[in-house]
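Got a structure here, written out as structure tokens. Questions coming.
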Amino acid sequence: MLFRSRIRRARGGAVRLELAEEERGLLRQVAGELRALLDEEPEDPSLRRLFPTAHAEPEREREYRELTRDQLVRGREQSLDLLRDTAGQELLTPEEADAWVRALNDARLVLGTRLDVTEDYDWDGLDETNPRAQELALYAYLSWLQEQLVEAMA
């Protein structure tokens, strides 16, 4: 899938976004839905990649989760809120762009988990009649957007 880059580096390290209003609305929706999932269904299995296991020993893992989970959730919520709140802007500060990258990555991880996307997924063989074609297209779009942001920030 080839797209013209519509995200570019601007003066002072800012990032210029050339996104259609439909795209901006979609980003608001994705951020809102993931934020709601974090708030309302913290044990949803699709969130597992956002909070990977840190210790093989169950007791140490439980302690780790107790110490870090709230802080990790807050950071993710802040990035998602910022994505939602700045989706209409033409320019992002470097800090806002960084938050976008983190929020997009989180959305991709959750969506990829739900869709069982792996590194060897055959994107060229994507069938538009696949019942999950729209979700897969969203995953691909979020991946492209994240890649464009990273390149603009580099």
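The values are calculated or read from the model by the stated rules, or taken from the named source; none is laboratory data. Here the structure is a predicted model, which is why all the values come from computation and not from measurement. Accessible surface areas use protein heavy atoms only, side chains included; no ligands, DNA or RNA. Shrake-Rupley method; radii C 1.70, N 1.55, O 1.52, S 1.80 Å.
Could you order R6, R24, R49 so the one with the most accessible surface comes first? Probe is 1.4 Å.
R49, R6, R24
Let me ask something additional. So what is the 222 nm mean residue ellipticity for the chain from helices alone, if each DSSP H run of at least 4 adds -39500 (n - 2.57) and you divide by all residues, rounding to the nearest 500 deg cm²/dmol?
The per-residue figure over the chain is -21000 deg cm²/dmol.
Sticking with this one: When only Cα pairs under 8 Å and 6 or more residues apart are kept, what is the percent relative contact order across the chain?
Here the relative contact order equals 34 percent.
Then there is this: Counting only protein heavy atoms and using a 1.4 Å probe, what share of the accessible area of the range 22-154 belongs to carbon plus sulfur, as a whole percent?
Ligands and nucleic acids excluded, carbon and sulfur reach 48 percent.
Report, in degrees rounded to the nearest 10, the 0 to 90 angle that the Cα long axis of helix 21-40 makes with the longest principal axis of the chain.
10 degrees
Considering only protein heavy atoms, what per residue accessible area in square angstrom results for the chain with a 1.4 angstrom probe?
Ligands and nucleic acids excluded, the figure is 62 Å² per residue.
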